[in-house]
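The values are calculated or read from the model by the stated rules, or taken from the named source; none is laboratory data. Predicted model, so just to flag it, every value in this text is computed and none were measured. In this analysis, Cβ positions are derived from the backbone assuming ideal geometry, glycine residues included, and neighbour counts consider all displayed protein chains. Just the protein is used for accessible areas: all its heavy atoms, side chains included, with ligands, DNA and RNA removed. Shrake-Rupley method; radii C 1.70, N 1.55, O 1.52, S 1.80 Å.
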Amino acid sequence: MPTTESFEFDRVVDRHGTYCTQWDYVADRFGHADLLPFTISDMDVETAPCIRQALARRLEHGVFGYSRWNHDDFKGAVSDWFARRYGSRLDPESLVYGPSVIYVIAQLVSLWSAPGEGVLVHTPAYDAFGNMLAANDRVLLSCPLIKGEGSYHIDWASFEQQAARPDCRVLLLCSPHNPTGRVWTRDELGRMADICQRHGVKVISDDIHMDMSFARYLPWSEVAPDDGWALVSSGSKSFNIPALGGAYAFIANAAARAAYLQRLKAGHGLSSPPILGVLAHISAYRDGGAWLDALKAYLHGNLVQVAARLNAAFPAIDYRVPEGTYLAWIDLSGLGIDSTERMDVLQRLLVEKYRVAIMRGDTYGPEGKGYLRLNVGCPRSKVDKGLDALIGALTELLRD
């Protein structure tokens, strides 16, 4: 078993001047450029050596013409990864490429629903879901998660009520869930599958955070009762390669798969993928397992550090380490920070005095009011700087 010492996750990499969304464009969202960011979910760690070596070899070749993804090397690497790590036999012939997870989801939503129809989503939810659905004239049907016993649970009465609506066509599942970090159990997935089948609701499972599960992750394919589903994912989160491009989906139904490929190739002219993204995925899924295991141990340590320091400073927060993701979803309602106005004051302190950028929870819907989402995909020294700032700002706010 690799240790965190096998790789240099503590090494600080200066990302300024690299057209980096998190660092170079933090002013777009927070109004100031010189902030320490804990925002968009990419990581401040170098990606796996096997990926960097594979890309270096390709760069040395020197020719970058049109490329393909539909071959055994790409499809086999992805399907073998699911088999080795998760014991799931997913048919490589059902695998398709996409430029991003959100692109693939958007195409499937438009294939499986009509304008004005509904898509069921557990909330709070990744903000790109709502933006994508609105842009495609679909209605987000919210099923708010219930916080209790230190975790988040499905409101089954609400879930079935929304699924039973005549205009509900699709469940857009986030597995593991962003931002709460829930990793769904087999019982939960099976119950969702049963309800969706009973009401004729197709399922799109966004599993982009699957490799960052600290509890047992189970792909949707393991509970699916029919072929009305797609599992969409990418190595971009777990291997820190979003800038290279590339995602994929297992689309169980052959007709749906053909319709998606028609859009990808003919409708949108995306039949030739960026070759570096394809090679990065092949390398990650063939040779990156040891690096990923070490990284997960390190990031789990970051989350433990968040819990230890926040709960020591403010026991009322009662922050619990999530079951998955490197995103700390922090409930501040126990401190009386449970309104937009109080969060506005906290954000001004964090940005203008303490010079840090931390995502406010209501970015992810009204259920996120009173929360912060802190990205800890970074060296622990940066996590501690962020916690110093957050504890300082909270202390000052509560003193006033």
Run through the DSSP bridge list for region 78-193 and note the antiparallel percent, rounded to the nearest 5. 25 percent
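Under the definition of Cα pairs under 8 Å and six or more residues apart, what whole-number percent is the relative contact order of region 228-306?
28 percent
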Counting Lys and Arg as +1 and Asp and Glu as -1 over every other residue whose Cβ sits under 14 Å from the Cβ of SER41, the net charge comes to -2
Lysine pairs in the chain 8 or more apart or on different chains: how many have alpha carbons under 21 angstrom apart? 9
Accessible area (Å², 1.4 Å probe, nearest 10) - GLU341: 120 Å²
Quick one: 3J(HN,Hα) in Hz for region 324-338, Karplus 6.51/-1.76/1.60 with θ = phi - 60°, rounded, Gly and Pro as x. x, 6, 9, 10, 8, 9, 10, 8, 9, 5, x, 9, x, 9, 9
Per residue, accessible area of region 115-216 with a 1.4 Å probe, heavy atoms of protein chains only, in Å², comes to 37 Å²
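If Lys and Arg each add +1 and Asp and Glu each add -1, what is the summed charge of the other residues whose beta carbon sits under 10 Å from the beta carbon of PRO144?
-1
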For the chain, percent of DSSP beta bridges that are antiparallel (nearest 5) comes out at 45 percent
With a 1.4 Å probe and every protein chain left in place, tell me how much accessible area MET132 has, in Å² to the nearest 10. 10 Å²
Using the Karplus curve 6.51 cos²θ - 1.76 cosθ + 1.60 with θ = phi - 60°, what ³J(HN,Hα) values do you get for each residue of region 166-183, in whole Hz, with x for Gly and Pro? x, 9, 7, 10, 9, 9, 9, 9, 10, 9, x, 7, 10, x, 6, x, 5, 10
For VAL12 and ASN311, what does the FRET efficiency come to when R0 = 25 Å and r is the distance between their Cβ atoms, rounded to the nearest 0.05? 0.40
Sequence gap at least 6, Cα distance under 8 Å: using those rules, report the relative contact order of the chain to the nearest whole percent. 24 percent
Would you list GLU323, GLU149 from the most to the least accessible area, probe 1.4 Å? GLU149, GLU323
Let's test the formula: R0 of 45 Å, r as the Cβ-Cβ distance of GLU222 and GLN53. What FRET efficiency results, to the nearest 0.05? 0.85
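Let me spell out the model: positive unit charges on the Cβ of Lys and Arg, negative unit charges on the Cβ of Asp and Glu, origin at the Cα centre of the chain. What dipole size does that give, in debye rounded to 20? Mind showing how you got there, number by number?
Details: 40 positive and 47 negative charges, 95 e Å.
Value, rounded to 20: 460 debye.
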Projected onto the charge dipole of the chain (+1 at Lys/Arg Cβ, -1 at Asp/Glu Cβ, origin at the Cα centre), which of LEU264, CYS168, ALA224 gives the Cα projection farthest towards the positive end? LEU264
Have a look at the chain and give its Rg and Dmax from the Cα atoms, expressed in angstrom. 20.9, 62
Taking the Cβ of ARG11 as the centre, find all other residues whose Cβ is under 10 Å away and add up their charges (Lys, Arg: +1; Asp, Glu: -1). -4
